[in-house]
Amino acid sequence: MLRFEGHNFFRQRLLLATVSNRPIRIDKIRSDDEDNTGLADYEASFLRLLEKVTNGCTIEISYTGTSVVYRPGVIMGGKVRHDCPPSRAIGYFLEPLIALGPFGKHPLQVTMTGVTNDNVDVSVDSIRTLLLPHLKRFGVEDDLELKISKRGAAPKGGGEIYFRCPVVRQLKAVQFIEEGQIKRIRGIAYATRVSPQMANRVVEASRGMLTRYIPDVYVYTDVYKGAESGMSPGYALTLVAETTTGALLSAECAFQPRRPTTGTDVDNETESKRGGESMLVNDYHFPTPEDLGTHTARRLLQEIKKGGCFDTSSQWLGVLFLALGPEDVGKIRVSALSPFTIQYLRDIKAFLGITFKITPDHSNQTVILTCLGSGYTNTSKKVA
Amino acid sequence: MEKAVKTHRPRQAGPKAEKKKPNKNAEKNNPKAFASFSGQKADRTIRRNLDKDQTKLHVPLVDRTPLEAPPVVVAVVGPPGTGKTTLIQSLVKRYTKHGLAEIKGPVTLVSGKQRRLTFIECNNDVNSMIDVAKVADLVLLLIDASFGMEMETFEFLNILQVHGFPKVMGVLTHLDKFKDNKRLRKTKKRLKHRFWTEIYQGAKLFYLSGLINGRYLKNEIMNLSRFISVMKFRPLIWRNTHPYILADRVEDLTDPETLRTQPKSDRTVSLYGYMRGTNIKPDMKVHIPGVGDQRISEISLLPDPCPKPEKVRKTLSDKHKLIYAPMSDVSGILYDKDAVYINVPGHFSKRGGDNVDEDEQEMRGAGEKMVFDLQNAPETFADNIAKSQLRLFNSSEGITGVEQESSDGRQRRRWEDPTQSDGEDDGDDSDDEGDMVDNDDENLSADDSDDSEESDEDELDSRNAGRRRVRLVELNNDEGDDEDQIAFADSDSNLDDDDDDDLNGDTRWRQKLLEKVNNGFALKKRVNLMDLVYGDNPTDLNENNEDSDGSQVNDESGLFRVRKATRNTDRSLALADACKVEAKSEDLNQWAEESTLESLRGRFITAQPASATDEQGIGGEEAEVFGDFEDLETGEKVEGKDGEGGEAGEADAQTDLTKRKEELKRKFDAQYDGSDDESGAANMYESIKEDMAKQATINREEFMDDDVNLRAQVEGYRPGTYVRIILKNIPCEFIENFDPTYPVIVGGLLASEENFGFMQVRIKRHRWHKKTLKNNDPLIISLGWRRFQSIPIYSLNDGTRNRMLKYTPEHMHCLATFYGPTTPPNTGFCAFQQLTDNTAAFRLSATGVVLEIDKSTEIVKKLKLTGVPYKVFKNTAFVKDMFTSALEVAKFEGASIRTVSGIRGQVKKHVGKPEGSFRATFEDKILMSDIVFLRAWYPVKPKRFYNPVVSLLLSSKSEWQGLRTVGQLRRDEGLKAPVNKDSLYKPVERKTRRFNALRIPKGLQSDLPFASKPKLLKKQSKPSLMTRRAVVLEPHEKKVASLIQALNTIHKDKERKRKEKVTEKRAKYLKKKEADEATTAGKKKEKMKEFYRDEGKKRAREAAAAEGGNRKRSKRDD
């Protein structure tokens, strides 16, 4: 049994435990936090989600909630419905499912409700436009779909998505180190329960920054009305730059109303703290939609400057799927390693025994990750 | 009498036969005569040829054999007394000119310039056969021609088939037993064809005609060895995905002291062998068939004991013909369990006194001298150590080890203290680190000059660089416990803490530095990224967080108080379990500047074509940008770079153009070929193969230049290398009962194979196995690397559910579900009921393939709950005796029920009394005598039983006894199958049922509509008018009537006579027939009698022959 400590990197450890079929024990989950000792609601919800998509897993949570023992079962897939708590966005729950889906017994068809876009977790738009194309590169191709049927902005949520993922026997080995040059930029600006003009203004501002480089910039506006618009007002922008070799670099930003700093509502505050929102350094309350547009465009430029074939928020997927690939050499180029990815690399080593060769490329300040895949095959898939 | 005409027999050989042979070249010489004029025929030929092409295709498999391939495992298999040892001895003699007295364990030798072979002999134990089948690349199947094929041979072939079917070559021995040449020929042919049906038509079968001096004939062995050397191997899926070792040496490394005190304690064992299959990871779990699962505690590379020759021109010289057989006695080297003995002729004991001649001393070799010198030593090594001195200073006195120990008894313990030793190490490191930092600083300043926006502060930076260097070195020297490669990160934060009261400028450069660290590259360039990620320091991620987020982040395991203190700064997305990284506002603000924006232009396709590739584009852009600011040192550098760029630019452009042209050409070719080629399938096949080849070259080349340690870390230990694996906690019986003739395999397990679960398999009882397999009877299963006993439940899918079966069906696959270590789907397995030797029957019980792995099962068996009605209304009935409580009824509310007569209904609701009775409705009125039943499905759970076959731990390895089957238990205990009286058949008694007449009251009858009124009229009491009246015939009518009566009488009489005649005739016929039959039966009886007499004689002959054979066999076994 593998042992870990601390609440951080909870998802990836459970995900890797499920994929590699190794039981784990996580201790000291916020054990020194007086107010919110133990598992947060979204973590408990994630455990429940895992229980839904697998068969035969056992989860033991200690009385105080500070330690969890997880014995994975068989990944089943199939039709699943999950209501995500509003403390974290759907992206928090959907990200690991993207990595689990291809290794199930049946194709995964999951419907999730909750917050679709926020600044803590990857938004569903990014998942659709960034992670899914990467998935295709690894051989997960037919019937891959993410439909955003309802939008839900940050505090209350109320969005709904439908994700469908096929089952594969084995991933493909990928060598993806050609960055290429950026050939087009696409984006989605959505607005719910606010004036549709907001989305247009966001688009205008971001386009204004990006068209100086390339004329092929198209940002869709996506205005949801009525029942599909969730329970809170909000708007956000997601930008994706695609290079000639198919590398995708993304940036996103959502409007987030500033919380009352008086702290009168104690419950509300603790709730927000338990979510990831309190971890944000920047202020995402933009005075005008143009500010949001510019901010996002700048972040995209920042991402482009960093380079790599996998951008910061998709690094983990590349790393994980290389390690889960066939026993061949896989190679990807990423921008600077984020702390999240570094921990991912360590956890992959702990679970799968895969060590990456990490070579910095000084010519353009990127990192090349090379590994020999673990030869992982989808053992839960039935023989036809 | 006329003689029978003899048919013409054409000549089979000789010149005449040659002449009569159809001319092979006829078609070539006269093509017109053979031209096809039928379009249909041509069409058919084309189709057939295409079909034939398709049948040749196989699913392409990746060939993972490395360049330095491990020795090919050649297993020599056959029943006892077929000459296995003799064959290996002969082959070894042929390859290495060594005579092996005995074959124990694998024998590895160099067979050619490119190939090494490992021979193993498989003894006559099913366990061994299974294990050998899993590792052998080539099987030499020995068959005693004088006896014929034996049961073991077929068992082994079936085991082979299940585990991937490696190459098999048959070898017929004992051909010199045949006196009669014709019989020999016939036997050869018969055996050849039998062999072919087992392997494939045309499989190679060798004939070893006899022995000379206890060895097979030289030229026959040479032929065989040639065939072995040209053999090609197709990759087998299981071995292509799992690492494994065939151990050729086993040693017990347990501490002798532990052994003395606890002789039965678990052992630490090292196993040696060539890596095969795929790469093995250092902390992998392995399975040793016959022992169990173990985690590798240590694995290390050893020099190849039997290396391939480096450079050989044509043939191997004797020097290169190496042999390595540690467990057999090869040329005096004997590897015992825990020591290696070298048997050297001569004596090495020291002769009395020092009066040994000088001449004699010179005659000795270096090794011998050493032995003698050792004996000459006047003092022991310990004494020498005690005398040796350590002088700390020139002036000081030497300290001897003995003194030290006597003065400070803890001296030794201190060395073992890990923290202390760490301190020591770091002390050593501090110098190096200082150096490293030094270099880094230079890099840093160079970098700074590269960065445009820092131009204004560059001076500051360079000024401070020296200072910082000093500072860092100081820090390291002072503290000495910064034990990491990323000293930079650490010391930065330290600096932060220390220098709060620093100058303003100083903080500015520090901010700058932080920014750079955030950019990620300043750091990454000089810190070894591998160490950063995989280093031993577990907290450095958080330090990294500190760097990348610029805010203080405490270790999550830190004290509560500390966290409170820094609560406001305790923010980072990295702590929120999110993959996003927040961009810092300073970073984003820089995009407001035009120059920064412009610097990115090279990354877009709209960039000027001058920038050839994107990397260069960036470099060029950056260089341009750097041109903006002026620094004395770097200005030169930039210029130099530019100059180079200018010259190299044209050349680059040229190469780029040619590259682009090539690309275009390739694209065009691909398109052209694609449109031209009609057979898409073949094309796909080719392309897949091409991709595989491409991937294989990538795999080969990727880590070629890396050092050994990195390779081992990233790749694991590659196949083809010779490794030593140390395993801890091996049961002591493994060593105590070790027998080198049993193969020891170390098979690597993938992550998913360590777990247990239910496996659904498709299984078929082997057609040669005598009995059907019973549900819930234990089976010994060989699956993956493992051999284990488990209890399967057989089932069959009927389209909607898996229904349990009591027995395996005949000649048909069925499903079985059992508990065991999960093995990937599509893995083949074979099953046995017992492994012991004492049966003449075919032991292999079943074969199959894994279909699915799960943690739960869905097998059901039929369950019928019966009840009887105790009150029946029109469509409603009250049923009792089906359930016992209201709760049970509640559970089945709405369930469909049925009567035996087929009337369907539904359970409605529980009624009070009797307990468990319920109301039910039916589609029609049921009878009180009906039985009501409810068809349900009862889930059946397979037992969680897993019992590994630990045959290698036994002293007599073939006598492993697991759980016995029910039948065996009953046999052993002398029990009979229990009889349920209720299940016995009784004679069926059916009383005829009497029904009362339906009486409808008169009043009701009169009220009924006509349609419903009973139409039964009362019988007429008086004769009707028609019968009562008298008929008087007319005279004519009377005449006619009497005539007809007369005619009828005549006719009847005639008929009677005819019938009499027929009966008489028939009786006669039957009598005759009976007589005939009696005679034929007599004849037949005679015939059968003769046949059985012959048959009996034949049997007796055969029995006598077999007895003779056995006698011979037993003699050979001795």
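Annotations
- Surface listing: B:Met284, A:Met1 arranged by accessible area from highest to lowest gives A:Met1, B:Met284, probe 1.4 Å.
- Within the assembled protein chains, the solvent-accessible surface assigned to A:Asp283 is about 80 Å², based on a 1.4 Å probe.
- Residues in the stretch B:72-235 average 40 Å² of solvent-accessible surface per residue, probe 1.4 Å, ligands and nucleic acids excluded.
- For A:Ser149, the residues 5 or more places off, or on other chains, whose built amide H falls under 5 Å of its own are A:Glu160, A:Ile161, A:Tyr162.
- Loop-resident chymotrypsin sites (Phe, Trp or Tyr not before Pro) (DSSP state other than H, G, I, E or B) in the stretch B:978-1080 with no more than 13 further Cβ atoms inside 10 Å of their Cβ: B:Tyr985, B:Phe995.
- Set of lysines with alpha-carbon distance to B:Lys925 below 21 Å, sequence-local pairs under 8 removed: B:Lys871, B:Lys874, B:Lys880, B:Lys908, B:Lys909
- With a cut-off of 14 Å between beta carbons, the residues surrounding B:Glu1086 carry a summed charge of +4, where Lys and Arg count +1 and Asp and Glu -1.
- A 1.4 Å probe run over the protein chains yields, for the stretch B:962-1062, 109 Å² of accessible area per residue, whole-number rounding.
- Residues whose amide H falls under 5 Å from that of A:Gln181, counting only those 5 or more places apart or on a different chain, are A:Thr244, A:Thr245, with hydrogens built in the peptide plane.
- Net charge of the neighbourhood of A:Pro289, taken over other residues with C-beta under 12 Å away and scored Lys/Arg +1, Asp/Glu -1, is -2.
- Average accessible surface for the stretch B:844-897: 50 Å² per residue, computed with a 1.4 Å probe over protein heavy atoms with every protein chain in place.
- A/B buried area, accessible surface, summed, 1.4 Å probe, Å²: 8700
- Summing charges over neighbours of B:Ile1000, with a neighbour being any other residue whose Cβ is under 13 Å away from its Cβ, gives +3 when K and R count +1 and D and E count -1.
- Taking all protein chains as they are arranged and a probe of 1.4 Å, the heavy atoms of B:Val77 leave approximately 10 Å² accessible to solvent.
- Surface composition of chain A: carbon plus sulfur atoms contribute 48% of the solvent-accessible area (1.4 Å probe, protein chains only, all chains present).
- Low-density loop positions, GluC sites (Glu not before Pro), the stretch B:679-745 - DSSP coil, at most 14 other Cβ in 10 Å: none
- To the nearest 10, the accessible area of B:Leu927 is 90 Å² with a 1.4 Å probe.
- FRET efficiency estimate (nearest 0.05) - Cβ-Cβ, B:Thr85 to B:Lys6, R0 56 angstrom: 0.55
- Coil-residue GluC sites (Glu not before Pro) of the stretch B:1-65, DSSP, other Cβ within 10 Å capped at 15: B:Glu2
- B:Arg843, B:Arg1093, ranked by accessible area, largest first (probe 1.4 Å): B:Arg1093, B:Arg843
The values are calculated or read from the model by the stated rules, or taken from the named source; none is laboratory data. Everything numeric in this text was worked out from a predicted model, so none of it was measured. Because the Cβ atoms are built from the backbone with ideal geometry, glycine has one as well, and the counts that use them run over all protein chains shown. Keep in mind that these areas ignore ligands, DNA and RNA; they rest on the heavy atoms of the full protein, side chains included. Shrake-Rupley method; radii C 1.70, N 1.55, O 1.52, S 1.80 Å.
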